[in-house]
Amino acid sequence: MTFIIDPNFHMIVVFCVTIFSIVSFVREKLSIEATCIILLTTLLLLGQFFPLPDANGHNQLSTANLLSGFSNPALVAVLALLVMGKGIIQTDALRGVSGLLVKGRPSFVWVSIIVILLFVMVFSAFMNNTPLVILAIPIMQSLAHSAKMSEGRVLMALSYVAILGGMTTLVGSSTNLLVSSTLQDIGMEAFSFFEFFIPGAMLAGVGLAYVLLVMPHILPKRQTMVEALASDKEFVAEIDVKEGMKLIGEECVDGRFPSLPDVNIKLIQRGGFLVLPPFEGYKIEVSDVIIISATRNTLTSLLARFPAVLLSDEQSTHMQRLMEQEEELEEGEAADIEKTVQNAHIMAEVMISPGSRYIDMSLEQTGIRHAFGVIVLGIQRRARVVRRRFGRVRLEQGDILLVSGSRKDIYTMRQSSDLVVLSGSTQDVPMAKKAPVALGIFFGVIGLAALGICSIPVAAIIGSVLMVATNCLNIRQATRALDRKIFFLVGSMLALGVALDSTGGALFIADSILSLPIANNPLAMAGLLFAIVAIATNILSNNACAILFTPIAVNLAINLGIDPMIFAITVVFAANCSFASPIGYQTNLLVMGPGHYQFSDFMKAGIPLMLILWVTFMFIVKFYYGVG
């Protein structure tokens, strides 16, 4: 049974759904996927039981209209470009070029860093920038190490230039494609490939100058990786107390256990109970699980003294045999036990990459230990230590794992697309045989789209199919490259965009903005629109902002009597200004852990950049587009 009621009811409901979505995205109590599903379900129920007929009697909130976003060409193109980016990374197609810079003389490290940043910026204009940042993080770390400088001075710059490069072409960011697609949905012309290249290049150039010359002086001094690991940077680890360990029976005295003098004990899990500090009078028993926090050096010492805790069963048996024979060994031979363990193993920091199959899995479920032969010693999330038993913590993209294993094990991990080794392995991964094929496909697709021979969705699909057909990556790797968050977010936001447009919500917001005192000044309105979208994109999502604000921007431009394309391009540039928050853009989150950044660091560096780009854009609107 259906009911036909006043259209204002629909607009009010859609506004309520929009506010709910914004609050949910900001608070992060629900996952993005859950919020999107709730949003979409609410709109479908609204359209089903309270239809909104147009002049011909067709329901504007029909199921077909609301779900059309999931078959939107822009969404298909974004997903296909993700597959192509996965193929580039899987074949290490760009590592051969960028890796040459690491081998340069130390005196030219800053030149190499600048070239890497330019390399990432240029390629970000033509491909998904997330794989580029993943590729460049270890390289930038190597350059920073060789120059004995803080990684924090270069890694945030890496993320920022990737975002800036994405502003220049239609395929540089999914945001750009979605604005173009939304224009088509409301009956306007889509952007051409280089529609906003010149103003985008101006903004990118100004942004690059800020990143290189000003930003290093704004960010607080961060330790290099070597300094941080040698100091009081702590990881949470756990010790499973087994039969025969020297820890058994030890009693806590003055808050410490004699065999664990340099660690902070957080809790002891005994059976089904948790023992919390203070531990005075407690004795360690078999099967206890001791949760500790300690520096990397302390964990290295534990590796030598309690090999059964950190080594594989085979290695543990061998080392236990050596330790049992300790009394029979010469003094020098006994001293070599610790050295033997440390030489056999190295520690490395490994990041969970976007699209990793380990996301949302606990360490126990991942099977990393059995797959790679390494021991996970601790977890950091967004530059903070995870303060609970990490074996049961569900992993997120950008999480940093401290692992211990042989050099061969760490080398094997570098070849996994699920993980990014940040340190601990000095070997270079050779360029895969399929790298030239992947690069050929990539440049071929760009050529097809840029020359207008094929539309971007068609060209991207051709490229992704060829990546699989030529064995640059297999079907499993291709499907894992498809980000479900992007799929749900874009599909549901497009449905919300349809609802806002159909119910008159977009027009209502545009009219409300036009009631402001500056309504008669198109230049001031362009500046206001840029500021609103730029702030929103750091709170919500660049893709969500692109879809939500494009119809509003078009309505504003029409009412002001100027070219709607100018305001649509304003949305493109503003929605890409995801600089002031680590959660504003995926690449910011990726560099947060390796760069040891805090949330406030992105605000300190990002807000001035946003203001500079805003001022630059006002000059572009006035003198390039001639808006007075």
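Confirm whether Ala55 is outside any loop (DSSP other than H, G, I, E, B) and among the small types (Gly, Ala, Ser). No.
Answer yes or no as to whether Ala157 is part of a helix (DSSP H, G or I) and within 22 Å of the chain's Cα centre (by Cα). It is true that Ala157 is part of a helix (DSSP H, G or I) and within 22 Å of the chain's Cα centre (by Cα).
Can you name the condition, by its number, that Thr570 falls short on among (1) part of a helix (DSSP H, G or I); (2) among the β-branched types (Val, Ile, Thr); (3) over 30 Å from the mean Cα position of the chain (by Cα)? Checking Thr570 against (1) part of a helix (DSSP H, G or I); (2) among the β-branched types (Val, Ile, Thr); (3) over 30 Å from the mean Cα position of the chain (by Cα), the one that fails is (3). In the set Asp240, Asp254, Asp262, Asp232, only one residue is more than 30 Å from Met592 (Cβ to Cβ), surrounded by fewer than 20 Cβ atoms within 10 Å (Cβ to Cβ), under 35 Å from the mean Cα position of the chain (by Cα) and modelled with pLDDT under 75; that residue is Asp240.
Determine whether Cys472 is surrounded by fewer than 18 Cβ atoms within 10 Å (Cβ to Cβ), out of contact with any strand residue (DSSP E or B) (no Cβ under 7 Å at 6 or more places or on another chain) and outside any helix (DSSP H, G or I). Criteria not met by Cys472.
Checked against the criterion of being within 25 Å of Ser600 (Cα to Cα) and at pLDDT 80 or above, the stretch 414-436 has no qualifying residue. Here Ile22 passes the criteria (1) among the β-branched types (Val, Ile, Thr); (2) surrounded by fewer than 18 Cβ atoms within 10 Å (Cβ to Cβ); (3) at pLDDT 85 or above except the one numbered (3). The one condition from (1) farther than 28 Å from His145 by Cα; (2) buried (at least 22 other Cβ atoms within 10 Å of the Cβ); (3) not hydrophobic (A, V, I, L, M, F, W, C) that Gly561 does not meet is (2). Taking the numbered list (1) modelled with pLDDT of 85 or more; (2) in a helix (DSSP H, G or I); (3) in contact with a helix residue (DSSP H, G or I) (Cβ under 7 Å, 6 or more places away or on another chain) in turn, Gly606 passes all entries but (3).
Every listed requirement among (1) touching a residue at least 24 places away in the same chain (Cβ under 8 Å); (2) surrounded by fewer than 24 Cβ atoms within 10 Å (Cβ to Cβ); (3) not β-branched (Val, Ile, Thr) is met by Phe443 save one, (1). Restricting the stretch 265-286 to residues that are of a type outside the set (A, V, I, L, M, F, W, C) and part of a strand (DSSP E or B) leaves a set whose member that is modelled with the highest pLDDT is Lys283. Taking residues in the stretch 382-404 that are at pLDDT 60 or above, and partners anywhere that are in a loop (DSSP other than H, G, I, E, B) and among the hydroxyl-bearing types (Ser, Thr, Tyr), the pairs with Cβ atoms closer than 7 Å and at least 6 places apart or on different chains are Leu395/Tyr358; Gln397/Ser353; Gln397/Ser356. Selection of the stretch 160-178 for residues being among the aliphatic types (A, V, I, L, M), part of a helix (DSSP H, G or I) and within 19 Å of Leu135 (Cβ to Cβ) yields Val161, Ala162, Ile163, Leu164. Of the residues that make up the stretch 31-47, is at least one at pLDDT below 85, not in a helix (DSSP H, G or I) and not assigned by TED's automatic domain parsing to the domain that holds Arg476? Scanning the stretch 31-47 turns up at least one residue that is at pLDDT below 85, not in a helix (DSSP H, G or I) and not assigned by TED's automatic domain parsing to the domain that holds Arg476.
The values are calculated or read from the model by the stated rules, or taken from the named source; none is laboratory data. In this text, all values refer to a predicted model and were calculated from it rather than measured experimentally. Please note: Cβ atoms are built from the backbone with ideal geometry, for glycine as well, and neighbour counts cover all protein chains shown.
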